[in-house]
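Report on the following structure.
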Amino acid sequence: MRRQKRREVTIETKCGVCHEARAEFRCPQCHKPVCDACAFKTEHGAFCSRQCEAAYRDFVQTKRPEPPRPRRSLLKPVIVAVLMIIIVIAAMKAGWLSYLFGIP
């Protein structure tokens, strides 16, 4: 039996507040479609109501920020590099490098 392709039906999303106009936004809190005329717009986005805006604002304010990462100090790598240089210079003065690696 052959399968038939389903025809995609595009339904224009209507506003969840007035149920008449075409939705331009989705409420970031409840995800309800909202038209431009019904939208309650703030710096956080376009909401379907003042209650959703207040709930979203409270959520954003109470959200804990990530703790800052501890900064890595450059002191330890610098000390290790200086000690390595001192050891190599001391080995060259004592003649250990020429003895071990055949370096004149």
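Overview of values
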{"read-out": "Scan of the range 33-48 for residues that are surrounded by 17 or more Cβ atoms within 10 Å (Cβ to Cβ) and either part of a loop (DSSP other than H, G, I, E, B) or among the aliphatic types (A, V, I, L, M) (or both), ordered by number", "value": "Val34, Cys35, Cys38, Ala39, Ala46, Cys48"}
{"read-out": "Residues being hydrophobic (A, V, I, L, M, F, W, C) and under 18 Å from Lys14 (Cα atoms) - total across the range 27-65", "value": "11"}
{"read-out": "Any hit, the range 10-31, residues being in a strand (DSSP E or B) and in contact with a Cys (Cβ under 6 Å, 6 or more places away or on another chain)", "value": "no"}
{"read-out": "Identity of the residue in the range 61-79, surrounded by 10 or more Cβ atoms within 10 Å (Cβ to Cβ) and either among the aliphatic types (A, V, I, L, M) or touching a residue at least 60 places away in the same chain (Cβ under 8 Å) (or both), that ends up farthest from Gln29 (Cα to Cα)", "value": "Ile79"}
{"read-out": "Candidate set: the range 49-83, residues that are part of a loop (DSSP other than H, G, I, E, B) and among the polar types (S, T, N, Q); chosen: the one farthest from Glu20 (Cα to Cα)", "value": "Ser73"}
{"read-out": "Given (1) at pLDDT below 85; (2) in contact with a Pro (Cβ under 8 Å, 6 or more places away or on another chain), number of the condition Arg7 does not satisfy", "value": "(2)"}
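The values are calculated or read from the model by the stated rules, or taken from the named source; none is laboratory data. Remember, predicted model here, so these are calculated numbers, not experimental data. Counting neighbours? That spans all protein chains shown, and the Cβs are built from the backbone with ideal geometry, glycine included.
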